[in-house]
Amino acid sequence: MSDDKVSCNEAIDAALHLDGDPEKVRAYYDEWALNYDRDTDSVDYSGPAISARLLREHLPAGEIRLLDAGCGTGLAGVELQRLGYRRIDGFDLSDSMVERARSSGVYTELKAGIDMMQAARHYESDCYDAVLSVGVFTLGHVPPEALRVLLQLVRPGGLLLMSTRTHYYEQTGFQALVDELIAAQKMELVKLVRDAPYNNDGDAHYWLFRK
Ligand SMILES: C[S@@+](CC[C@H](N)C(=O)[O-])C[C@H]1O[C@@H](n2cnc3c(N)ncnc32)[C@H](O)[C@@H]1O
């Protein structure tokens, strides 16, 4: 995706305008997969490392079943493995991103071509000790309702962790959905880290919920 004509920041900005259309998202990331790690590294993308550390503060490593939802090339999986997690599954819409994740060698099971909004058709309910989604709750990608889908996959008492880009948080009904799910006792907020580093273009909030 990035070449002489398209800067890394432009590649990342363009990803924010995919309208949440799964076909556009898939095509975009299939094309970006080859240069994704290099481009995100060049803008100091820290979402995966911050997310993995936050999870590790609240969940012992070992034979814990984790699902990396929208795993991309596997940056979060690598960080999670570094912190001692050994059973990490992942899925993504983009085949090419998943191929890169596969070559990282850190995932136990990977599925490509899965739209997060339909994930409950591909995974059992209540089966993961923790589900995390880094860099996906961002403009042009998934609506806040994807939170409800991922929550289904978490076992009772398990954890759900996600980043929300600050502009996503401000421009969507994410907070209203969080309030609704907490009021309905479907989950509780364990920790919210507001306005934390994400990349050199902006911050994100990091959310940790318990089902
Ligand atoms: C910014 S990348 C983040 C990838 C990885 N989690 C990371 O932190 O590097 C966003 C990823 O979300 C995936 N994605 C976007 N919308 C999706 C959807 N509806 N279902 C599944 N994956 C989706 C894209 O294919 C892409 O790999």
Task: Expected 222 nm ellipticity per residue - DSSP helices of 4 or more, -39500 (n - 2.57), all of the chain, to 500 - done: -11500 deg cm²/dmol
- [ ] Tell me which residues come under 5 Å, amide H to amide H, from C71 once H is placed; ignore anything under 5 positions away on its chain.
- [x] F91, D92
- [ ] Using only Cα atoms, locate the centre of the stretch 81-103 and the centre of the stretch 32-59, then give the distance between them in Å, rounded to an integer.
- [x] 12
- [ ] Work from the charge dipole of the chain (Cβ charges, +1 for Lys and Arg, -1 for Asp and Glu, about the Cα centre) and give the residue of T164, P22, L132 farthest towards its positive end.
- [x] L132
Open item on the list: Under 10 Å, Cα contacts only: if you run a Gaussian network model on the chain, which one of V154, V190, V106 comes out with the highest mean-square fluctuation?
Closed with: V190
- [ ] Could you grab the relative contact order for the stretch 47-210? Cα pairs under 8 Å, six or more apart, rounded to a whole percent.
- [x] 20
Open item on the list: Along the Cα→Cβ direction, 7 angstrom out, place labels at R56 and R121. What is the inter-label distance in nm?
Closed with: 3.7
Task: Extension gain, L16 back to N35 (0.36 nm per residue minus Cα-Cα distance, nm) - done: 5.1 nm
TODO: Multiply the residue gap between A27 and A184 by 0.36 nm, knock off their C-alpha separation, and tell me the result in nm, one decimal place.
DONE: 52.8 nm
Task: the chain: C-alpha pair distances exceeding 27 Å, % - done: 22
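Read the figures in this text as sums done on the coordinates, not as results from a lab. This structure is a prediction, so every number in the text was calculated from the model and none was measured. A quick note on method: Cβ atoms are made from the backbone with ideal geometry, for glycine too, and the neighbour counts reach across all protein chains shown.
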